[in-house]
Every structure is written in C-alpha cells, then in structure tokens.
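Q: After the structure tokens below, expect a handful of questions from me.
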Amino acid sequence: MMNAPRMAAKHAEELFASGFFCAESVLLALARAQGIESDVLPRIATAFCSGMARTCGTCGALTGAMMGIGLGSGRTAQTDSVQATYEATRQLINAFEAEFGSRDCHSLLGCDLGTPEGQATFRQDRLGRKCAEYTRRATEIAVEVLNQTAA
C-alpha cells in the first residue's frame, strides 16, 4: 500500500509550488510514494506539462498521474497483461473528468497556453491556482486507484 493519498497530494503541491510543472510534480510525488527516486522522472514528464507542451491537449496533471499509475502497475515484459493498468487508468480519467468536467488543458483553463494571449490570460487570471488544484487531485486520485488495485 502506498502512503495516504493526502500525503502524496501535499508533496505534489509542494513540488508544483517549488517550480516543477503539473506532470512533473504529480509523477515525482507518485514515484516517491512508491519508493522510487530518479532524476529521469521529471525529464520524462516535462513534455506532458501544460496540456502536452502547450498544444491544448490532456491536462499535464492527469498525464503525470497516468505515468505514476504505470510505475505502480505497468508491464515489465511483453507477455504481461495490460488489463490492470488500463483499468486503473480508466478509473483515474473517469474520476478526474467527473470532478473537473474535462481532461483537456484548454477546457480546464479556458485559454490556449500555446499563444501569447493565452499565457497572458494564465498569468492575469492566476490560473496557476487551478493547476495546483488539478495537480493535487490527480495525485490523490491516482494513489486511491493504486491502493484499490493493490488491495
């Protein structure tokens, strides 16, 4: 069993506040909760931040959580089944969408981070606060899902 969802979520929030972005923060917090430490992890997650590198794609917090689920239940051999990981990922996505109404960065923030106007809106409207919330909740949901999977 992983540590409590709130502990991992708090760690993700702290990482986000320290300057890591959404996907990086979530993946690092989930990795740490699973006893995994590596300098490679934030590098892997960087391209997923800001809605897939500011392309209005899937929320980086959600993709970071998906990678964290993969750390906990992903395959290690070609013959391993994907079923448990896919089911856990679907649970994560469904819970995130049920809570926030979308999985896409553009919809969640209401601006296109790939444009100067969108970045100005992000700063002006202090949308980073929303990102901190998505980061916290995606981490919390992922820990809950992983704990259910392990039970």
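Q: May I ask you to compute the full-extension gain from Asp80 to Arg43, defined as 0.36 nm times their residue separation minus their alpha-carbon distance, rounded to one decimal in nm?
A: On the way: separation 37, 0.36 × 37 = 13.32 nm, distance 2.61 nm.
Fully extending the segment from Asp80 to Arg43 adds 10.7 nm.
Q: Then there's this: Quick one: net charge of Thr121's neighbours, Cβ under 15 Å, K/R +1, D/E -1? Each step should come with its number before you reach the end.
A: Numbers: positive: Arg54, Arg123, Arg126, Arg129, Lys130; negative: Asp112, Glu117, Asp125.
Combined, the nearby Lys, Arg, Asp and Glu give +2.
Q: A follow-up question, please. Keeping the other protein chains in place, figure out the carbon and sulfur percent of the accessible area of the range 2-129, with a 1.4 Å probe. Don't skip to the answer; put the middle values down first.
A: Numbers: 3620 of 6900 Å².
Here carbon and sulfur together make up 52 percent of the probe-accessible area.
Q: I need the P(r) histogram for the range 1-95: all alpha carbon pairs, bin width 5 Å from 0 out to the longest distance, whole percents.
A: Histogramming the range 1-95 at 5 Å steps yields 3, 15, 23, 25, 20, 10, 3, 1, 0 percent.
Q: Next question, about the same structure. Quick one: net charge around Arg43, please, counting Lys, Arg +1 and Asp, Glu -1 for every other residue with C-beta under 14 Å from its C-beta. Mind dumping the intermediate values first?
A: Working: positive: none; negative: Glu24, Glu37, Asp39.
Neighbourhood net charge equals -3.
Q: Between Thr149 and Glu117, 0.36 nm times their residue separation minus their Cα-Cα distance comes to what? Present the calculation step by step, with values, prior to reporting the outcome.
A: Numbers: separation 32, 0.36 × 32 = 11.52 nm, distance 4.21 nm.
Here the segment from Thr149 to Glu117 would lengthen by 7.3 nm.
Q: Averaged per residue, what accessible surface does the range 1-120 expose to a 1.4 Å probe, in Å²? Write down the numbers at each step before the final one.
A: Numbers: 6260 Å² over 120 residues.
Here the residues of the range 1-120 average 52 Å² of exposed surface.
Q: Within 10 Å, at most 13 other Cβ atoms, and a DSSP state outside H, G, I, E, B define an exposed site. Report the longest part of the chain free of exposed trypsin sites (Lys or Arg not before Pro).
A: On the way: sites that count: Arg75, Arg126.
Value returned for the longest uninterrupted segment is 1-74.
Q: If amide H atoms are built 1.01 Å from N in the plane of the peptide, which residues on other chains or at least 5 residues away come under 5 Å of the amide H of Asp104?
A: Here the answer is Cys59, since their amide H atoms fall under 5 Å of that of Asp104.
Q: Something else now. Counting Lys and Arg as +1 and Asp and Glu as -1, what is the net charge of the other residues whose Cβ lies under 12 Å from the Cβ of Ala132?
A: On the way: positive: Lys10, Arg126, Arg129, Lys130, Arg136, Arg137; negative: Glu13, Glu14, Glu133.
Neighbourhood net charge equals +3.
The values are calculated or read from the model by the stated rules, or taken from the named source; none is laboratory data. These numbers were taken from a predicted model, which means no experiment stands behind them. Positions of Cβ are generated from backbone atoms using ideal geometry, with glycine treated the same way; all protein chains shown enter the neighbour counts. These area figures cover heavy atoms from the full protein model, side chains too; ligands, DNA and RNA do not enter into them. Shrake-Rupley method; radii C 1.70, N 1.55, O 1.52, S 1.80 Å.
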